[in-house]
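Quick one: this structure, given as structure tokens, is what I'll be asking you about.
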Amino acid sequence: MNQKRIHPAIGAGFVIMLCCTGCGMGQETPVSAETPVFSKETLQWEQTLLPTEEECIKVFVCGAVVNDCVVELPAGSRVEDALEAAGGFAPEADREYLNLARLLVDGEKLCFPTAREADELKRQEELVRSGLVDINTADISQLCTLPGIGESRAADIIAYRREQGPFSSVEELQKVECITGSIYDKLADKITVRQ
């Protein structure tokens, strides 16, 4: 029987070629920069980045609401959500003073005012914006922000107010013994009285 022999160098080259090409069978896709490689460690690391359960915040809701209480809400909740969790507005509540769309912060106190309280809060805010001090409601620290008024004079103003009742006008402040004409001139345009 006539057998042909293959030269050893040719045979070795053929074997190498088969190994490299795989003859198209069982060939693995080459890894490139675009091919994502996932390992067990990568998947475990990614899972630690994802929250396992939804984060929550707690807010104390009080004032003109049905139930004063601490409510637990999902992070990202708004004032409206806390109000609903507390049972909604009480009948005497001011429904427009607080911004219901504001985002809540964990641990905050959310106090809903009555209509009367809201009016007073708005008036105080207006005074702050105007820079005026209401001599009928100011405490010692607020009175001390006025020129020429220290703790002693502030205490005298409060004592006069307590004994004589609220000031009916800013000019009446001059009836307080320690308020001289020169002191009054310095603060006259920085004070007001509640109407």
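The values are calculated or read from the model by the stated rules, or taken from the named source; none is laboratory data. Quick caveat, the model's predicted, so the values are computed rather than measured. Because the Cβ atoms are built from the backbone with ideal geometry, glycine has one as well, and the counts that use them run over all protein chains shown.
Taking into account only those residues within the stretch 48-74 that are assigned to a loop (DSSP other than H, G, I, E, B) and at pLDDT 95 or above, which is surrounded by the most Cβ atoms within 10 Å (Cβ to Cβ)?
Filtering the stretch 48-74 for residues that are assigned to a loop (DSSP other than H, G, I, E, B) and at pLDDT 95 or above, the one surrounded by the most Cβ atoms within 10 Å (Cβ to Cβ) comes out as ALA64.
It is to be established whether one or more residues within the stretch 118-138 are in a helix (DSSP H, G or I) and among the hydroxyl-bearing types (Ser, Thr, Tyr).
yes
Give the number of residues within the stretch 76-117 that are touching a residue at least 24 places away in the same chain (Cβ under 8 Å), more than 11 Å from VAL59 (Cα to Cα), within 21 Å of the chain's Cα centre (by Cα) and part of a loop (DSSP other than H, G, I, E, B).
Of the residues in that region, 4 qualify.
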